[in-house]
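Working notes for the structure below.
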Amino acid sequence: MRTEIGLLRTMLLIRRLEAAWAEAYARDEIGGIPPALSTGQEAVSAGACAALEPGDVVFTTHRGQAPQVARGLDPTRIMAELYGRRTGYNKGKSYHVTDVSRGVIGMGGIVAAQVPVAAGMALAQKLRGTDRVSLVFFGDGAANEGAVHESANLAAMWTLPLILLCENNGYCISQPVAVAVKAASIADRAAAYGLPGALVDGNDPLAVRDAVAAAVARARAGGGTTLVEARTVRLGGHLAHDPQHYRSREEIAAAWEACPIKRFRARLAAAGLLTEEASARMEAEIEAEIAAAVEFARQSPVPEPREAFEDLWA
Amino acid sequence: MRTEIGLLRTMLLIRRLEAAWAEAYARDEIGGIPPALSTGQEAVSAGACAALEPGDVVFTTHRGQAPQVARGLDPTRIMAELYGRRTGYNKGKSYHVTDVSRGVIGMGGIVAAQVPVAAGMALAQKLRGTDRVSLVFFGDGAANEGAVHESANLAAMWTLPLILLCENNGYCISQPVAVAVKAASIADRAAAYGLPGALVDGNDPLAVRDAVAAAVARARAGGGTTLVEARTVRLGGHLAHDPQHYRSREEIAAAWEACPIKRFRARLAAAGLLTEEASARMEAEIEAEIAAAVEFARQSPVPEPREAFEDLWA
Amino acid sequence: MSRFDRKLFRPGGAVKPEEREWPSIRGAINEAMREEMRRDPTVFQMGEDIAGAPPFGVTTGLAAEFGLERVRDTPCSEVAVVGAAVGAALGGMRPIVEFQFGDFLSVAIDQLTHQAALLRYLTGGQVRVPLVIRLPCGGGQGTGAQHAQSLYSWFAHAPGIKVALPATSLDAKGLMKAAIRDDNPVLFFEHKALYRTRWPVPPEFQDPDHVIPFGRAAIRRAGDDLTVVATLTMVHHALAAAEALAAEGISVEVVDPRTLVPLDRETIVGSVRKTGRLLAVDEAYLTCGIQGEILALVTERAFGALKAPPRRLGNPGVPVPFAPPLEDAVLPDAGRIAAAIRAMVTP
Amino acid sequence: MSRFDRKLFRPGGAVKPEEREWPSIRGAINEAMREEMRRDPTVFQMGEDIAGAPPFGVTTGLAAEFGLERVRDTPCSEVAVVGAAVGAALGGMRPIVEFQFGDFLSVAIDQLTHQAALLRYLTGGQVRVPLVIRLPCGGGQGTGAQHAQSLYSWFAHAPGIKVALPATSLDAKGLMKAAIRDDNPVLFFEHKALYRTRWPVPPEFQDPDHVIPFGRAAIRRAGDDLTVVATLTMVHHALAAAEALAAEGISVEVVDPRTLVPLDRETIVGSVRKTGRLLAVDEAYLTCGIQGEILALVTERAFGALKAPPRRLGNPGVPVPFAPPLEDAVLPDAGRIAAAIRAMVTP
Ligand SMILES: Cc1ncc(C[n+]2csc(CCOP(=O)(O)OP(=O)(O)O)c2C)c(N)n1
Ligand SMILES: Cc1ncc(C[n+]2csc(CCOP(=O)(O)OP(=O)(O)O)c2C)c(N)n1
Ligand SMILES: [Mg+2]
Ligand SMILES: [Mg+2]
C-alpha cells in the first residue's frame, strides 16, 4: 500500500472499519469500553506503515485499529475480535488486536507501556543481527509518561533501531496538548536524549511516509532511534460516546475542514491520479469488505467459558 | 551560612562529619548499607542551601548528609541516627535524616522518588499562598528516571515554586554520565518542558549559590520552576566500601586536584578573607563538634524493640 | 443480578420509581467530597479530566463550585501526580487523587507503598501524609484485563495504607468523609458496576458530619448456618444468594468488612463463632488474596467453632478477559455463591 | 543463627574448613547463568552495574566471558529496562534482569504484572514472554525499609508470573536454570543474607543439565508432630528450631515450597495430613501474605486432619526499620519459631 492510491485506500478502509465498529457499539452488539476511533488521524498510520517492511514490528496504542489496518491485517478477524468472538485475532481475550505474523503487537491498556516494550523488540532485532526495525505509536498525552522518557534515553544509549512515533492529535482525552506540553513541540524533546527529532504534518500521508522512511533508513543502517512527531487532529471524541463538552463547535468544524481523507482525495484527483469512477469503485469495494467483516463477526461463535482458562502459561 | 567563610565552614563540617561516619562504619560501630559520602560535592549543598530561607523545604537523596548539614541540622542528632539510636532525628527508624522544623525531608531509598514529592510540596506552598519554595536534589543517574520527567513537566504546567537541582557527580554508581546521557547536558533537558535550565560549576559554592538564588527569586516571584545542573565530582566510591575498579587512578587523582574545599580555601586565603590562624581555629572547632557528636551517638540508647511498632499510623 | 448490567458506558435508563429518593453511589461520593471541600479549604483534587470531562461523572460539578485550582486536571503522568499528592500532604494539604481506572496505579505503586505509606514511620513520626486515592475497580463490564481488577489485597499486604470498599450509598458517603479526614494515606476502591446503583439511606445521610468510622464491619443480613464475608458487588451477590437460600431453609449471615485496613476482625470472627461456617467471596485473585486472609484469620482464632472447612471464591488466577462469556467464567456471582453454600451446609 | 550475621557489605571472613567444598548461593546463581549463557545464545543480561561493578557479586565474571552486548549495564531507568526485557523476550531473546534490591521493582510493576504477565493471554496465546527478573530480598542487614522487603506474595497474587525462592546452593542453581529455560516470566528472589552462605551439594550439582523443576516442594526434615512451611532464610531458622525441639521430644517436619507459583499444594497438604499441625513462617508481611495463603489452602483441603489451629509468623505489618533491635523485632527467627511450635504442640 505504498502507492498514493494505496495510501488513500488504506485511509478509507480505516475510516470505514471504524465507523462500522462504532455503529455496532451503538447498536449494542459490542460491549466494553466505547470505541477509540482514529477518525481524522488515518494519514499517520497509513503513511507510517507504508515505510515499513515485513519483519518490522509495530506497537499500537488504545487507538489501535488504524495501524492494524495499515499493516494489512484481516478486517474480518479484527472485527471478530471487537465483537469478542473466538475467531478474532486474540480469541476474544482482548480487543487490543495482535497479529504476530504481520508484526503488529496490540497494546494500549496502559498508556505508554508499549514504548519500553518496543525498545526491547528493537534490542532483540539488533542483538539477533537483523536489519529489522520497531516502530511504536504513542500519543501526545503518553509523551508525558515517564516510560517514554526512560525508553527514549535507553534507545539513544544503545543506538536501537526504533522509531518513536508520537501521534499528536491535540488532546489527551479532554486536555489540550498546549496545556500539558510547554515545549514548542514534542519532537523538540528528542534533543534531551541526543536523538534526532522530526515534526511532520500528520494529516499528509506522504509527508508521514517520507519522515518515517528516513527514520527507518537510519535505523536499518545502524544509526539508531528517531523521534517523529506527527501533528494531526482527533475529529471525534476521545471515545465514541464522548460528547466533547470541552471543545467548541467552531474548533470541531474547522478540524473537519482539514480532514486528511478529503484533502488527500482532492489532491490525488487534482493530480489526475484518481477519477470519480475509480474513487466510487474503491469505496464500493471497501463497503463490501467491511460489510463482510461485520457479517463474519456476527456469525462467529462466542468463546466457551473454559477458554477463559487457556493461554495464560506458555 | 551565607558568607564566604560560612560556606567554607559548612563544607568542612560536611567533610568532617562524613569522615567520622565512615570511620565509625569501618570500626563496625554502624551497620547497614555503607555510607554514601558527598566527598568532593560539598560545594553543591553548601551553595544551594545558602540561597534558601526558613520555611523553604529541601528534599534529599541517598547522598543526603551534605544538605542536612548545610541546612543547619544538629550534627549530634544526625550522627545518632546514623548510629541507629533513638536520639537520632528519625529515632533509629531510617538513616535518611528528616528534620521537618528545618525544612529537610530525608528521602533517598528509591532513586528519584523525592522529585515528585518535592513538586507536591511546592504545590502546597503555592496553594497555601506562601512565597516559600521547594528545592529537590537528584543525581545525574536519577535524571534518567521517569519520575523526573513527569515532575519537571508537571512543575512547568503548574508554574510551581520548585528548584530541580541535579547534582551531576559524573557517575551513577559505576556508570559514567557520558554513557547514560547523550544530550550535551542535563540542564539542556529543561527545554523539553519549557523550563529555564542553568549549568553551573558545582565545585564553586558561590556559583552554585548564585544560580540557585536566581532560581529561588524566580520561584518566589511566581515565575515557576528552574532546572539547575551543578557539575561536580564524586571523589570517593559510590558507597564507602566501593573499590572503584571502573575508574582509573589518574582520573581519581585529577579529581582530587579539583577538590572544592581546597580550591575555595585557597581562594579565600588569596582574597585575604581567611588567615592561617582562623582556618586552624575553624578546623579545631569542627573537630571538637564532630567528636562530641560521635560521643553523643555512642552514648545514646538504642531503641527498644516495642518502638518498632510505633509511628506507623498518624 | 440484573442490577449489575453491562451498561457502564451507556446512558442510564429511567430510574425505577421506588429508587427515586435513593442516592446513587456515584452521587454519594460526589456529595461527600463536596461537603468536605466546603468544610476544609486544604482539601483539593487532582486527576485526569476530573474538571474537563469527569470520568464516570464522580467529580461532576466540583470544578464549577471550587475552581480549577482546587479541582486540577493533570497530565497523563501518574508518578508525578501521586508524588505530588504525597508532597502536598506533607505540606499541609489534603489531596484527593482520582485514577480513571484503579489498575493504572500499577505505574505509580512506589509513590504509594514506599513514599506515602512509609514516610511517617521512617521519619520517626515527624510527618503526616493525609491523602485519598480513588480507584475505580472491578470487572463485569467488558473493560479488559488492565481495566477490571480488584487489587486491594496488595495494599492490605503493604504496611501503612488504609483501604476502604463501600458497597452502599450510605457507606460510600460516610467512608469517603472518614477517608478525607484521616491523617493517613487511604485507598478508596469504587466498584464501577456500583456507580449508578441506588440504595436507600437513613436520614443521617444528609448530616454533613455523618462519618462512617474505618474498621467497623456491617452485618448486612443476620443468619445462623453460615457466614459469608464479601465486599463491594459481592455483598449484593451474597445477599441475593442468601435470599434464595432462605427459601431452601438455609440461613446465611452476610458480613461486609467495609474497610480491609483496618479490618474488623472481631465482627468477622464473632459471626463465624455463631454460624460455624465461613465462605469468603471477592472478585480479587484468590492466591494471597483477601479471601485467604479471612480464612486464615478465622481458622487461627475460631478453629474450635468451625463445623466445616472454610471456603473461598474469587478470580482463580487468570486475567479478566474481554468477551462476556469469558469474563463471567472468572468472576463469582450469586449463583456460584449459592452453590458453594449449599455444598457447605449439606453434610 | 550466627550464619545470618549482619555483614552483607563487609569482606567475608575465612571459609570454615568443612565448607570449603561447598558452593555459595551467590556462586551457584552465577554458575547457572554462565552455563545457560554458554548453552543458549539468546540468553542475555541487563541491570545496573552488572558489568561494571556487580552488586553483591552475583554477575562477577560474566561480562568478561560474554562481553558487554550480552551483559549490559543499564541506566537507572527501571521501567525502560523491564519493558525492554519484555520486548526482547517477544523478539526471541531470553533476558535476565537484575535489580540491585528487589524492592525497586516498585517503580516498574506495571511492566511486569500488566505487560510481561498478561501479553500471552491477551494475544490469545500468540506470544511467549520468557524472562527472569532477579530480586535480592529480605531483611536482617540493616538496609532499611525500602531495601529489605520480601514482596513475593504480591506476585503470587497477580496472574501470569512464576516465583522462585531458593534456600540452598543446589536449589539456587537448579531453579535458576529452570527459570531461564522457562517460557514464562519468572521472578527469582534471592535472600541477601543467604548470598554468602555455603551448602553441601550432591554430584549432580556439576551437571549442566541438572534442572530443578518448578512446583516441587522439598521436605527439608521429616517429622511427625507439626509441619513448618518456610522459604529462604526461614527454612534454616525452622531447621534450627526443629533441631532444638528434637531434644525436647518434639518432632518437626520442615517443608520448603521452593516455588510459590507454581505451588506444590500436594506436598504441603500431605505433610499436614500426616502431622496434623501447621505453622507457616516467612519474612513477608502477614496480611494477605504467603503464610495466610498456606493456612487457607490447608484448612480448605485438610481440615479434618488438623489437630490444632494452624498458625503463621511473619512481619506483622510494619516497615522494616533500620536500627538492629527494631529490625529484629519485626522479623521471625529460630527462637520465635520454636516458641510458636511449643505453644502449638503443648495442649
Ligand atoms: C497509565 C495510564 N494512564 C491513564 C490511562 C487512561 N487513558 C486512556 S487513553 C488516554 C489518553 C492518552 O492520550 P494520548 O496519549 O494523547 O492518546 P490519544 O487518546 O489522544 O490517542 C488516557 C489518559 C491509561 N490507560 N493508562
Ligand atoms: C529506583 C532505584 N533504582 C536503583 C537504585 C540503586 N541506586 C542507589 S544510589 C544509585 C545511584 C544513583 O546515581 P545518581 O542519581 O547519579 O546519584 P549519586 O549516587 O551519584 O549521588 C542507584 C542506582 C535505587 N535506590 N532506586
Ligand atoms: Mg492525544
Ligand atoms: Mg551521580
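The values are calculated or read from the model by the stated rules, or taken from the named source; none is laboratory data. Just so we're clear, the structure is a prediction, and the values are computed from it rather than from any experiment. Note that we place each Cβ from the backbone using ideal geometry, even for glycine, and neighbour counts take in every protein chain shown.
Across the stretch B:90-101, the qualifying residues are those that are crowded, with 24+ Cβ neighbours inside 10 Å and more than 7 Å from chain C (Cβ to nearest Cβ), and the one among them that is nearest to B:Glu289 (Cα to Cα) is B:Val97. Among the strands (runs of 3 or more DSSP E) lying completely within the stretch A:102-220, list those that include at least 1 residues that are surrounded by fewer than 24 Cβ atoms within 10 Å (Cβ to Cβ) and within 16 Å of ligand 3 (Cβ to nearest atom). Answer list for the stretch A:102-220: A:197-201.
Scanning the stretch D:263-302 for residues that are within 9 Å of another protein chain (Cβ to nearest Cβ), out of contact with any Ser or Thr (no Cβ under 6 Å at 6 or more places or on another chain) and not in a helix (DSSP H, G or I) yields D:Leu263, D:Ala280, D:Tyr285, D:Leu286, D:Thr287.
This table checks each residue for (1) under 20 Å from the mean Cα position of the chain (by Cα); (2) more than 15 Å from ligand 2 (Cβ to nearest atom); (3) within 14 Å of chain D (Cβ to nearest Cβ).
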residue: B:Arg218; (1), (2), (3): no, yes, no
residue: B:Gly224; (1), (2), (3): no, yes, no
residue: B:Leu235; (1), (2), (3): yes, no, no
residue: B:Ala240; (1), (2), (3): yes, no, yes
residue: B:Arg247; (1), (2), (3): no, no, yes
residue: B:Ala266; (1), (2), (3): no, yes, no
residue: B:Leu273; (1), (2), (3): no, yes, no
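Candidates C:Leu306, C:Leu331, C:Leu313: the one that is in contact (Cβ under 8 Å) with a residue 40 or more places away in the chain and on the phi < 0 side of the Ramachandran plot is C:Leu331. Residues that are surrounded by fewer than 24 Cβ atoms within 10 Å (Cβ to Cβ) number at least 1 in the following helices (runs of 4 or more DSSP H) confined to the stretch A:35-86: A:42-50, A:75-82. Hey, any hits in the stretch D:148-155 for a residue that's among the polar types (S, T, N, Q), within 15 Å of the chain's Cα centre (by Cα) and within 7 Å of another protein chain (Cβ to nearest Cβ)? Yes, the stretch D:148-155 has at least one match. The residue list D:Thr299, D:Thr267, D:Thr287 contains one member that is farther than 18 Å from C:Glu293 by Cβ and hydroxyl-bearing (Ser, Thr, Tyr), which is D:Thr267.
Each row is one residue, and each column tells you yes or no for (1) under 18 Å from A:Tyr25 (Cα atoms); (2) touching a residue at least 40 places away in the same chain (Cβ under 8 Å); (3) within 16 Å of ligand 3 (Cβ to nearest atom).
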site	(1), (2), (3)
A:Ser45	no, yes, yes
A:Ala48	no, yes, yes
A:Val57	no, yes, no
A:Gln65	yes, yes, yes
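Within the stretch C:246-266, the set of residues being closer than 23 Å to C:Met176 by Cβ and crowded, with 18+ Cβ neighbours inside 10 Å comprises C:Val254, C:Val255, C:Asp256, C:Pro257, C:Arg258, C:Thr259, C:Leu260, C:Val261, C:Leu263, C:Asp264. Only one of the listed residues (D:Glu243, D:Glu283) is of a type in the set (Asp, Glu) and surrounded by fewer than 23 Cβ atoms within 10 Å (Cβ to Cβ). That residue is D:Glu243. If I filter the stretch B:279-309 down to residues being farther than 20 Å from B:Ala22 by Cβ and touching a residue at least 40 places away in the same chain (Cβ under 8 Å), which single residue comes out as surrounded by the fewest Cβ atoms within 10 Å (Cβ to Cβ)? Ranking the qualifying residues of the stretch B:279-309, first place goes to B:Pro301. Given the criteria in contact with a Leu (Cβ under 8 Å, 6 or more places away or on another chain), small (Gly, Ala, Ser) and either within 16 Å of ligand 2 (Cβ to nearest atom) or more than 14 Å from chain B (Cβ to nearest Cβ) (or both), does D:Ala117 qualify? No; evaluated as a whole, the condition is false for this residue. Among the residues of this structure, A:Gly197 counts as one that is more than 16 Å from ligand 1 (Cβ to nearest atom) and more than 15 Å from the chain's Cα centre (by Cα). Please indicate, with yes or no, whether at least one residue in the stretch A:164-183 is within 16 Å of ligand 2 (Cβ to nearest atom) and within 9 Å of chain B (Cβ to nearest Cβ). No, the stretch A:164-183 has no match at all. Could we say that A:Glu283 is away from chain D (no Cβ under 14 Å), in a helix (DSSP H, G or I) and of a type in the set (Asp, Glu) here? For A:Glu283, the condition - away from chain D (no Cβ under 14 Å), in a helix (DSSP H, G or I) and of a type in the set (Asp, Glu) - is met. Of these, D:Leu245, D:Leu226, D:Leu232, D:Leu239, which one is assigned by TED's automatic domain parsing to the domain that holds D:Asn315 and free of Cβ contacts under 8 Å to residues at least 24 places away in the same chain? The match here is D:Leu239. Would you confirm whether or not the stretch D:165-179 contains a residue that is of a type in the set (Ser, Thr, Tyr), more than 28 Å from D:Pro41 (Cα to Cα) and either touching a helix residue (DSSP H, G or I) at 6+ places or on another chain (Cβ under 8 Å) or part of a helix (DSSP H, G or I) (or both)? No, that holds for no residue. Residues that are among the polar types (S, T, N, Q) and surrounded by 20 or more Cβ atoms within 10 Å (Cβ to Cβ) do occur in the stretch B:227-240. The residues on offer are A:Ala178, A:Ala143, A:Ala187, and the sole one that is touching a Gly at 6+ places or on another chain (Cβ under 7 Å) and either small (Gly, Ala, Ser) or away from ligand 1 (no atom under 15 Å from the Cβ) (or both) is A:Ala187. In the stretch B:11-34, of all residues being within 13 Å of chain D (Cβ to nearest Cβ) and charged (D, E, K, R), the one that is surrounded by the fewest Cβ atoms within 10 Å (Cβ to Cβ) corresponds to B:Arg27.
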